Amino acid sequence: MCVNYKPASKQTVTELTGADTSGTPDWPDETWQDYAAPVVRADERGEPELIVGTYGMIPKRKMEPGVRLTTMNARAESIAERRSYALPWRRAQTCLLPLHWFCEPGYASGRAQRWAIGMTDDAPFCVAGLWRAWEEPEGGYSFSFTQITINADHHPVMNRFQKPEDEKRSLVIVPRAQYGDWLNAGSAENAWPMLRLYPPHEMKAWGLEQGYGNARRDTAQASLF
C-alpha cells in the first residue's frame, strides 16, 4: 500500500483544516517511513490541532531488537484486532493527514513504477489516520501515526495499482465536509462508517519518473527528537 506521499505545507495545512501551524517543527517535502509529517487531531475543545509525528504507528526506534514491522498502513478490516492499532482505534485517536498526492506502484510496464494519486483539480486533501503518543525517557512525548486502508478491488482508479495478483487497497480520503466528524468521532463505532472509498471521478493518477528502486532520496529528514 502507500509507503510515500507529499505532505501539505504549513500554510496549506492551516487553509485546509484550520489548525494553527505556528511554532511547530518543519517536515520534509516527501514522507517515507519514520519521516516527520503534519498530523491534525482534535484538541480538548474538539478543534483541529497540529502535531508533527513520524510515519508508521510503531517507529523503528521503538521496536524490540531484531523486530521489524511495517506499520505505515492499517487495514480497516483488522484494525480492531492488531496490537499495533487496536488501542488507538478503540480510543478513537483519529487524525487527518494533509497531503497533495500519495504514491502507489503500477505494473503496466512489467516492473514497479511510481504513480501519484491526487485530486482532479490538484487541490490538497486529507486522508484518515490514527495517531499515538510515546512517553520519552528524557521527558515529554513524541507522536507517530498510521494511514487507514480499505479494499479497492472495484475502484476504477485505485484498482490499477499493486501487483496484478494482489488485493487492491486505497487510503481513505476524507471529504472536507466530514473533517470535524472524523476528528471528533469519539468511538470506533462512529468512525467506522466514515471509512469509504472516494468518488473516482474526483481523482486522477499520473506516472512519476523514478522507479521504486531509486525513488527514495537522501534528503535529510526533519528531526523531532
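Entry comment: accessible area of region 47-104 is 47 Å² per residue, from protein heavy atoms only and a probe of 1.4 Å.
Strictly over 28 Å apart at the Cα level, which of 10/204; 10/163; 6/60; 60/163; 62/168; 6/168 would you flag in this model? In this structure, 10/163; 62/168 lie more than 28 Å apart at Cα. Modelled spin-label separation between residue 188 and residue 15, with each label point placed 7 Å from Cα along the Cα-to-Cβ direction: 3.8 nm. Here region 1-154 exposes an accessible surface that is 47 percent carbon and sulfur, computed with a 1.4 Å probe and the other protein chains kept in place. For the peptides 192-201, 153-162, 126-135, residues were scored by their other Cβ atoms within 10 Å and the scores averaged per peptide; the highest-first order is 126-135, 153-162, 192-201. In the context of the full set of protein chains, region 114-179 has a per residue accessible area of 43 Å² (1.4 Å probe).
Between 141, 85, 35, the Gaussian network model of the chain with springs among Cα atoms under 10 angstrom shows the greatest mean-square fluctuation at 141. I need the shape label for the chain. Rule: rounded when a/c is under 1.5, else prolate if a/b > b/c, else oblate, with a, b, c from the alpha carbon gyration tensor. In terms of gyration-tensor shape, rounded.
The values are calculated or read from the model by the stated rules, or taken from the named source; none is laboratory data. Just so we're clear, the structure is a prediction, and the values are computed from it rather than from any experiment. Please note: Cβ atoms are built from the backbone with ideal geometry, for glycine as well, and neighbour counts cover all protein chains shown. SASA here: full protein model, heavy atoms, side chains in, ligands and nucleic acids out. Shrake-Rupley method; radii C 1.70, N 1.55, O 1.52, S 1.80 Å.
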